[in-house]
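What follows is a set of notes on a single structure, which appears directly below.
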Amino acid sequence: MKKPTLYVDADACPVKEELLKVSYRHQLQVYLVSNQWLRLEVGPLVEKIVVPEGPDVADDWIAERAGEGDIVITQDIPLADKAIKAGALAIGNTGKPFTTDNIGMALAMRDLKQHLRETGEGGNYNAAFSKADRSRFLQELDKMVLQLMRS
């Protein structure tokens, strides 16, 4: 049985502590991928990867490696789409899984919101990250790990 590897789009990830708890509990390899050094104490199964600055460099690093039986943690919808197409599971920071059933709508909504912002019709409103989001993420990630380890 292959244990899942966690690939984390870490630059703006608010749930690093939670995902590390899950990874330590299940002894999973984790790659924290970012454009800058992260000041975060990590264990031996956690590797911090610093990629050069630039658009989508961290996303590309993850997309080139994540595959069947892995989990990608990101809020970047195009990265989640690539992960799903490669056979990985994907989850957002709020605990919402990206799936083959919902990724198309997520991409369409992202494009619509971007268009509205560009035309000045859309606000810049993003809901605040809450304790409930943190808890839901922890629960959903643990569920995904267990699901992959059973299959």
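Just so you know, all these numbers are worked out from the coordinates, no wet-lab data involved. All values derive from a computational prediction rather than experimental measurement. Note that we place each Cβ from the backbone using ideal geometry, even for glycine, and neighbour counts take in every protein chain shown.
Restricting the count to DSSP beta bridges whose residues both fall in region 6-150, what percent are antiparallel, rounded to a multiple of 5?
Values: 2 of 17 bridges.
So the antiparallel bridges amount to about 10 percent of the total.
Beyond a 21 Å Cα-Cα separation, which of these cross-linked pairs lie in this structure: Lys2/Lys143; Lys48/Lys85; Lys3/Lys48; Lys21/Lys131; Lys16/Lys48; Lys3/Lys143?
Numbers: Lys2/Lys143 16 Å; Lys48/Lys85 25 Å; Lys3/Lys48 19 Å; Lys21/Lys131 16 Å; Lys16/Lys48 12 Å; Lys3/Lys143 14 Å.
Lys48/Lys85, as the Cα separations exceed 21 Å there.
How far apart, in nanometres, would the label points at Asp60 and Ala128 be if each is projected 7 angstrom from Cα along the Cα-to-Cβ direction?
Simple spin-label model gives 3.8 nm for this pair.
At Lys113 and Glu47, where each label point lies 7 Å from the Cα along Cα→Cβ, what is the point-to-point distance in nanometres?
Going by the 7 Å Cα→Cβ label model, 3.2 nm.
What is the sum of charges, Lys and Arg at +1 and Asp and Glu at -1, for the other residues whose Cβ falls under 14 Å from the Cβ of Val145? Mind dumping the intermediate values first?
Values: positive: Lys2, Lys3, Lys21, Arg25, Lys143, Arg150; negative: Glu18, Asp70, Glu140, Asp142.
Here the count lands on +2.
Determine, for each peptide in 5-16, 42-53, 137-148, the mean count of other beta carbons within 10 angstrom over its residues, then list the peptides with the highest first. Show your work: numbers first, answer last.
Working: 5-16: 20.4, 42-53: 13.2, 137-148: 17.5.
Peptide ranking by packing, descending: 5-16, 137-148, 42-53.
At Lys143 and Lys85, where each label point lies 7 Å from the Cα along Cα→Cβ, what is the point-to-point distance in nanometres?
Label-label distance for Lys143 and Lys85, simple model: 2.7 nm.
Would you kindly compute the Cα radius of gyration of the chain and its largest Cα-Cα separation (Dmax), both in Å?
Calculated on Cα positions, Rg and Dmax stand at 15.3, 51 Å.
To test your reading of the geometry: what angle, between 0 and 90 degrees and rounded to tens, separates the Cα axis of helix 16-26 from the longest principal axis of the chain?
30 degrees
Tell me, what HN-Hα J-couplings in whole Hz come from the Karplus equation 6.51 cos²θ - 1.76 cosθ + 1.60 at θ = phi - 60° for each residue of region 138-151, using x for Gly and Pro?
4, 5, 5, 5, 4, 4, 5, 4, 4, 4, 5, 6, 7, 8
Anyone know which of Arg134, Arg117, Arg25 comes out most mobile in the 10 Å Cα GNM of the chain?
Maximum among the listed residues: Arg117.
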